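Any read-out appearing in this document is the output of simple, stated calculations on the displayed coordinates, not a laboratory observation. Note that the coordinates shown come from a computational prediction; the quantities given were computed from them, not determined experimentally. Positions of Cβ are generated from backbone atoms using ideal geometry, with glycine treated the same way; all protein chains shown enter the neighbour counts.
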There are 2 protein chains.
Amino acid sequence: MPGAAQILRGPGDDAAVVRARPVCAVSVDTMVDGTHFRLRAGEASAAEVGHRALASALSDLAAMGAQSGEAYLALGLPEGLGEDQALALVRSASALAAATGTAIAGGDVVAAAALTVSVTVVGWADDESELVGRDGALVGDLVGVTGTLGAPGAALAVREGRATGAGSIERLLQRVRAPVPRLREGRALAGAGVHAMIDVSDGIATDAAHLGRASAALLRVELARLPLAGGVAEVCAELGLPACELAATGGEDYELCFCASAENRSRVEAAVDSAGGVGVTWIGEVVAGAPGVSLLGERGNEVELGGFEHRW
Amino acid sequence: MPGAAQILRGPGDDAAVVRARPVCAVSVDTMVDGTHFRLRAGEASAAEVGHRALASALSDLAAMGAQSGEAYLALGLPEGLGEDQALALVRSASALAAATGTAIAGGDVVAAAALTVSVTVVGWADDESELVGRDGALVGDLVGVTGTLGAPGAALAVREGRATGAGSIERLLQRVRAPVPRLREGRALAGAGVHAMIDVSDGIATDAAHLGRASAALLRVELARLPLAGGVAEVCAELGLPACELAATGGEDYELCFCASAENRSRVEAAVDSAGGVGVTWIGEVVAGAPGVSLLGERGNEVELGGFEHRW
């Protein structure tokens, strides 16, 4: 297993024992059937749940710029869940762990009323200064985002029969089934000196507001600049929503939103390019003002979004 | 908060960030209403659940001899659970965290069908050699246990109306409501050079067998030597069980079972005494034989236990 060299004791003892590096980043992410996915309703597979639960936790490490180390899976399994499904869940998480250099070092399995997956991930850095929080954005910074947005929200609408997705169905569904945590990009961005960073798990409208409040600054985001995943504009049109709606509020994108000084712009772009090629889009700037986010329409007018409920 | 000096970033960012020591021990423990406690059925309070969930996870660190560092609470809250109950749960866990020098550094809260508490604890050591696994028992070692056994199983019988507990009710109930993880004792035992250690969460009959199998050795445990908590023998008599039954198979004791060389006997006793005063009882020895445990009755005969089901 990649990354397993650091494991001194794995599953089978009272606790896992791991060789540490000087600074440790930890995040816990829990998903429950009926709230975060719909396995029982037939809208998600066990493999998808395993992948997404680990991806979601790893995305938090990505947003700190930490190197992923170990993951611990706590599974609550309902009576009706077959052993094959439980195995598919664990296999899928293991595959993502292997792909990201993460060792699954332990966990717990209990009986539960509904499938519950709680993932603890532990990441590492050699120095606190290698990591980036949400709280460092400075007035004058540019606001950037990796990759493209909106695909999971659009895929959900297709899966629920609210839209057809036209020719983009498979590509959209893949983004919701197997999101890729931006670990390499997160470390590259931290190394390139971004001031603040967050992962886009709730939609950029919400997450940029978190970042703004933590930094005591106002992020002005131009909605027309949001990088839409292929097919998202078409699904929005089918749903009668503005093209930017799912990209701004759909959530589950697991891209990284960050703030960097304007003079650092090309260094940041080069760092993300060298990390994988999902690219960077500059979507706004940091200004003085009431901490949070301001979403701007095409004419520079402030826009209210979020009347549309995204049911996960 | 004691222990919080190591926290570089606490709750409120994408991940907690902690100053590490060279070796990291991690354990995850999940408890679900209806399986591990009965909140909805009125047999446990939210405060008890918070305490027990953290105590159970910390007990795993104790069994490694690790110093407790941080805890992360993932809570699945059902609709019917009031905010006051959720707060009581967290306050109770926080009190135990403070008492054990553990910092609650993060977590997650989601909606769930039944109250679910998944606790990840992170402990630390300066060197791998400071920690003790289950796998080091040697033929000729003595088998010891800290404190006394059987109180939680007896308390459960009292709570369910299967026994009266006579004059020991309150003392018994306290042991199930607020078990004390033996963190200081675990570190003292590791420092005193015990060869193998495990916490007694499933009953010593089961846990000694785990230790024996991990060490490829046979633990001979004399049932008459098991240290019974006050009132346990009386409850066993009320239930028509041998006096040792609840101590051997009741579980949830969170004492430590360990193996140490005979010449190390007084050093081990002194270490546990200096750590708190729960004391050590020597209950058997390690011999060559089929790996596992052999439970011996008063005449040296092998005894089968465990026909009695302990419902948690």
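When you filter the trypsin sites (Lys or Arg not before Pro) in region B:227-309 for DSSP loop state and at most 12 other Cβ atoms inside 10 Å of their Cβ, you are left with B:299. For residue A:82, inter-copy separations between label points set 7 Å beyond Cα along the Cβ vector come to 4.5 nm, shortest first. For the protein assembly as shown, a simple Cβ point-charge model (Lys and Arg +1, Asp and Glu -1, everything else neutral) yields a dipole of about 220 debye relative to the Cα centre.
Taking chain B as a Gaussian network of alpha-carbon nodes connected by springs under 10 Å, the highest mean-square fluctuation of the residues B:197, B:64, B:31 belongs to B:31. For residue A:69, the residues whose modelled amide H falls within less than 5 Å of its own, excluding neighbours fewer than 5 places apart on the same chain, are A:122, A:123, A:124.
The relative contact order of chain A, computed from alpha carbon pairs under 8 Å that lie at least 6 residues apart in sequence, is 23 percent.
Projecting the Cα positions of A:157, A:181, B:133 onto the charge dipole of the protein assembly as shown (unit charges on Cβ atoms of Lys, Arg, Asp and Glu, taken about the Cα centre) puts B:133 furthest along the positive direction. Compactness of the protein assembly as shown is given as radius of gyration and Dmax, 26.5, 92 Å, from Cα positions.
The phi torsions of region A:274-286, fed into the Karplus equation with coefficients 6.51, -1.76 and 1.60 and a -60° offset, translate into couplings of 5, 7, x, x, 6, x, 10, 10, 8, 10, x, 8, 9 Hz, rounded to whole numbers, with Gly and Pro shown as x. Taking GluC sites (Glu not before Pro) across region B:126-162, the ones in a DSSP loop with at most 16 further Cβ atoms lying within 10 angstrom of their Cβ are B:160. How would you classify region A:164-312 from its alpha-carbon gyration tensor, with a ≥ b ≥ c the square roots of the eigenvalues: rounded for a/c under 1.5, else prolate if a/b is greater than b/c, otherwise oblate? The shape class here is oblate. Relative to the other identical copies, residue A:41 shows label-point distances of 3.1 nm, where the label point lies 7 Å from Cα along the Cβ direction and values run shortest first. Counting Cβ atoms of other protein chains within 10 Å of each residue's Cβ and taking the mean over peptide B:71-77 gives 4. Across all Cα pairs in region A:4-130, the calculated P(r) in 5 Å bins from zero up to the longest distance comes to 2, 11, 22, 23, 18, 12, 7, 3, 1, 0 percent per bin. For the residues A:200, A:18, A:180, a GNM of chain A with alpha-carbon springs under 10 Å puts the largest fluctuation on A:18. Its relative contact order, with pairs defined as Cα atoms under 8 Å and 6+ residues apart, puts region B:194-288 at 44 percent. The other copies place their residue B:126 label points at 2.3 nm from this one, listed shortest first, where each point is 7 Å from Cα along Cα→Cβ. When chain A is treated as a Gaussian network with alpha carbon springs shorter than 10 Å, the biggest mean-square fluctuation among A:291, A:22, A:227 belongs to A:22. Couplings 3J(HN,Hα) of region A:125-135, computed from phi: 8, 8, 8, 4, 5, 6, 9, 10, x, 8, 9 Hz, in residue order, whole Hz [Karplus 6.51 cos²θ - 1.76 cosθ + 1.60, θ = phi - 60°; x for Gly and Pro]. Derived from the Cα gyration tensor, the three semi-axes of the equivalent ellipsoid of region B:216-283 are 25, 15, 10 Å, largest first. From least to most packed, judged by other beta carbons within 10 angstrom and beginning with the fewest, A:204, B:7 follow the order B:7, A:204. Stokes-Einstein, applied to the Kirkwood radius of chain A over Cα pairs at a viscosity of 0.692 mPa s and 37 °C, places its translational diffusion at 165 µm² s⁻¹. A convex hull fitted to the Cα coordinates of region B:21-75 yields 80 cubic angstrom per residue.
The charge dipole of chain A, taken about its Cα centre with unit charges on the Cβ atoms of Lys, Arg (+1), Asp and Glu (-1) only, comes to about 340 debye.
For chain B, adding -39500 (n - 2.57) for each run of n ≥ 4 DSSP H residues and dividing by the number of residues yields -9500 deg cm²/dmol at 222 nm.
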